[in-house]
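The values are calculated or read from the model by the stated rules, or taken from the named source; none is laboratory data. Worth saying up front: this structure is predicted, and the values here are computed from it rather than measured. A quick note on method: Cβ atoms are made from the backbone with ideal geometry, for glycine too, and the neighbour counts reach across all protein chains shown.
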Amino acid sequence: MNESRSDPNNRHKPNNSGTFDFVAGWFNWRSWVTLGYYDVVALYRRTLIGPIWQPLQAASWILGLWVVFGGERGGNSLAYIGCGVVFWQYIAIQVTSSPNIFFAARNLILSVNRPLSFFVFRAYTASSLRWATQLVVVFGIIAFMGLPIGWNSLMALGGLVLLLYNALWVTLLLAVLGVRFPDLQFALEALMRLMFFMTPVFWSPGDDMLRNYLATYNPFAHFLEIVRGPVLGILPSLTNYGVVAAFSVIGPLVTLALYNRMRHQLVFWL
Amino acid sequence: MSTAISDNAAIRAAGICLDLPLRLTSHHLRGTIARIGGNIIRRGGKGKSTVVRALDGIDLTIPRGARIGLIGSNGAGKSPLLRLLAGIYIPTAGYIITRGKISTLFTSRIGINERLTGRENILLSGLVLGLPRAQIEALEPEIIEFAELGDFIDLPLHTYSTGMATRLGFAIATSLNPEILLIDEVFGTGDRDFQDKARARVAALMKAASTLVLASHSVGIIRRFCDQALWLDHGRIRSCGEINEVLDAYEAELASQRQAPPSRPLGRAGE
């Protein structure tokens with residue numbers, strides 16, 4: 001190995017580090033955005049009202065939760081539950097679909113020498129775009145409930161950007177771990193079902209001690225709050241932003257460290 | 001051996017070992033692998049996995065302009081070696097230096113989606129192959145012509161006959177412009193007509209590439225396209241050099257094995 005490094009003729013030695021792979025994959029963005037877009041197109045190609053199914057699915061879920069639990073919160077519970085469900089869905093979709101990304105792309109990975117992160121970005125684009133149709137529900141709620149539009153909308157947009165940014169490293173992290181631990185996918189499915197109830201998606205903490213505890217020590221609660229709060233006209237707390245900021249910095253560092261360690265082996269585990 | 005790569009070498013590999021981890025938790029499968037002919041290694045120490053040594057001590061220099069045929073039975077390590085040369089696998093030990101743009105033709109269907117139209121599939125497969133969009137659009141007419149699709153090009157792939165889909169996949173996968181071309185047996189499918197067409201197209205591609213490494217079970221195909229051969233046997237180089245010399249030895253061994261079948265029932269399934 002050392003010999004090749006000192007070789008003066010070694011003009012094309014590939015750099016196999018995870019960071020290099022990540023950067024090389026990222027700069028192919030034209031390709032993976034197009035591929036991700038067509039993944040969604042292909043999904044709905046033969047359906048009658050394809051893209052409308054996601055918002056419909058969200059709406060039916062919101063309706064059920066609102067009918068049963070809406071009374072607890074009074075006034076704005078439809079908006080609270082509605083936004084909660086839509087933004088929670090994004091978290092849940094990214095977490096549960098990520099561990100399978102490399103397995104799904106196995107044939108391509110073993111046939112063409114491309115950055116592995118390319119396939120992660122492609123899947124991330126596809127699942128994000130597919131989810132984005134659910135935002136129609138949020139717009140509907142804003143219009144129907146007469147929610148405020150102004151500074152808070154900008155903050156909501158900022159919160160959404162933070163959510164998308166964090167989903168990116170989470171996707172890569174779970175994709176890598178999912179290759180090494182095939183059980184992860186099923187574990188996360190079970191976990192996210194539990195977390196749906198353990199996160200203030202359709203309930204608010206109020207005076208309940210357990211609920212307050214959950215809303216404080218569950219990171220998902222903070223991610224939810226920095227997007228939903230501003231949509232409803234509520235300023236998120238500094239704690240909310242602090243937790244999100246910590247994840248935004250530490251998460252990518254941990255992910256890249258792991259990716260640098262595992263990049264070589266990933267392909268052998270497929 | 002000197003480590004410097006001479007100016008006319010396209011690929012140089014030295015001391016290559018490749019261990020593939022076995023994703024098996026049960027022992028009974030290990031017996032199966034051993035019977036097939038893999039070299040199972042159990043690494044010492046806690047938490048180390050069982051691995052199969054797919055390639056062992058490969059030293060190889062491929063000069064620019066060489067046409068090398070990889071031959072060997074199933075499980076000899078042809079595909080792992082090609083993946084190593086392509087940069088898809090990273091060697092466990094040793095190093096590989098390559099010079100020039102490498103393209104691979106390991107499968108005749110690159111990311112084909114049944115629900116999308118032929119035209120969309122050309123674009124998407126091209127993007128997966130890493131071609132710029134402008135180049136894909138420039139290649140499109142020629143791909144459509146090869147695949148004999150006509151107006152079908154704007155219909156989804158699930159409406160195609162098997163032959164049409166095969167031709168399209170093949171045409172896309174072979175629309176490359178490589179300096180070094182690595183091919184794993186891709187002539188297997190399709191009718192007689194298609195086989196002839198496919199061969200002509202791959203022959204043109206191979207002529208355009210300055211360096212070629214072609215893996216195949218078929219001695220005939222290797223003879224036709226290559227001038228040197230490399231015989232892999234259980235992950236090691238059995239012999240390497242002038243094509244007739246290597247292939248004659250290989251065929252002689254195959255013939256002797258047919259007379260006296262090997263004790264391992266699953267070994268040497270290759271033709």
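The table for this structure:
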{"item": "Residue match in region B:171-186 (condition: more than 30 Å from B:Tyr89 (Cβ to Cβ) and assigned to a helix (DSSP H, G or I))", "result": "no"}
{"item": "Test for A:Leu48: is it outside any helix (DSSP H, G or I), more than 14 Å from chain B (Cβ to nearest Cβ), free of Cβ contacts under 8 Å to residues at least 12 places away in the same chain and more than 21 Å from the chain's Cα centre (by Cα)", "result": "yes"}
{"item": "Where B:Thr107 falls short, out of the listed (1) farther than 30 Å from B:Asp154 by Cβ; (2) part of a loop (DSSP other than H, G, I, E, B); (3) among the β-branched types (Val, Ile, Thr)", "result": "(1)"}
{"item": "Residue within region A:124-139 that is within 14 Å of chain B (Cβ to nearest Cβ) and either farther than 25 Å from A:Trp53 by Cα or out of contact with any strand residue (DSSP E or B) (no Cβ under 6 Å at 6 or more places or on another chain) (or both) present", "result": "yes"}
{"item": "Criterion violated by A:Phe118 - all others in (1) more than 14 Å from chain B (Cβ to nearest Cβ); (2) buried (at least 20 other Cβ atoms within 10 Å of the Cβ) satisfied", "result": "(1)"}
{"item": "Sole exception among (1) surrounded by fewer than 20 Cβ atoms within 10 Å (Cβ to Cβ); (2) modelled with pLDDT under 85; (3) of a type in the set (Ser, Thr, Tyr) for B:Thr159, by number", "result": "(2)"}
{"item": "Selected residue [among the aromatic types (Phe, Trp, Tyr), closer than 19 Å to A:Ile62 by Cβ and surrounded by fewer than 18 Cβ atoms within 10 Å (Cβ to Cβ)] from A:Phe197, A:Phe186, A:Phe202", "result": "A:Phe197"}
{"item": "Every pair of residues 6+ apart whose Cβ atoms lie under 9 Å, when the first sits in region B:234-251 and is free of Cβ contacts under 8 Å to residues at least 40 places away in the same chain while the second is basic (Lys, Arg)", "result": "B:Asn244/B:Arg223; B:Ala249/B:Arg238"}
{"item": "Residue tally, condition in a helix (DSSP H, G or I) and buried (at least 17 other Cβ atoms within 10 Å of the Cβ), over region A:225-240", "result": "9"}
{"item": "Residues being facing another protein chain (nearest Cβ under 7 Å), touching a Leu at 6+ places or on another chain (Cβ under 6 Å) and free of Cβ contacts under 8 Å to residues at least 60 places away in the same chain - total across region B:95-123", "result": "1"}
{"item": "Residue among A:Val120, A:Val137 that alone is over 30 Å from B:Arg109 (Cβ atoms) and either touching a residue at least 60 places away in the same chain (Cβ under 8 Å) or of a type in the set (Asp, Glu) (or both)", "result": "A:Val137"}
{"item": "Residue tally, condition away from every other protein chain (no Cβ under 11 Å) and buried (at least 20 other Cβ atoms within 10 Å of the Cβ), over region A:26-39", "result": "0"}
{"item": "Residue in region B:138-152 that is within 23 Å of A:Tyr37 (Cα to Cα) and touching a Lys or Arg at 6+ places or on another chain (Cβ under 9 Å) present", "result": "yes"}
{"item": "All positions within region B:210-260 that are part of a helix (DSSP H, G or I) and touching a Leu at 6+ places or on another chain (Cβ under 9 Å)", "result": "B:Val219, B:Ile221, B:Ile222, B:Arg223, B:Phe225, B:Val246"}
{"item": "Flag if B:Glu137 is part of a helix (DSSP H, G or I), surrounded by 19 or more Cβ atoms within 10 Å (Cβ to Cβ), of a type in the set (D, E, K, R) and at pLDDT 90 or above", "result": "no"}
{"item": "Any hit, region A:92-108, residues being in contact with a strand residue (DSSP E or B) (Cβ under 7 Å, 6 or more places away or on another chain), free of Cβ contacts under 8 Å to residues at least 12 places away in the same chain and closer than 29 Å to A:Trp32 by Cα", "result": "no"}
{"item": "Selected residue [more than 14 Å from chain B (Cβ to nearest Cβ), in contact (Cβ under 8 Å) with a residue 40 or more places away in the chain and under 24 Å from A:Val179 (Cβ atoms)] from A:Leu258, A:Leu235, A:Leu266", "result": "A:Leu258"}
{"item": "Within region B:63-83, tally of residues that are outside any loop (DSSP other than H, G, I, E, B) and either surrounded by fewer than 22 Cβ atoms within 10 Å (Cβ to Cβ) or of a type outside the set (A, V, I, L, M, F, W, C) (or both)", "result": "8"}
{"item": "Boolean, B:Ala209 is under 16 Å from the mean Cα position of the chain (by Cα), at pLDDT below 85 and of a type in the set (A, V, I, L, M, F, W, C)", "result": "yes"}
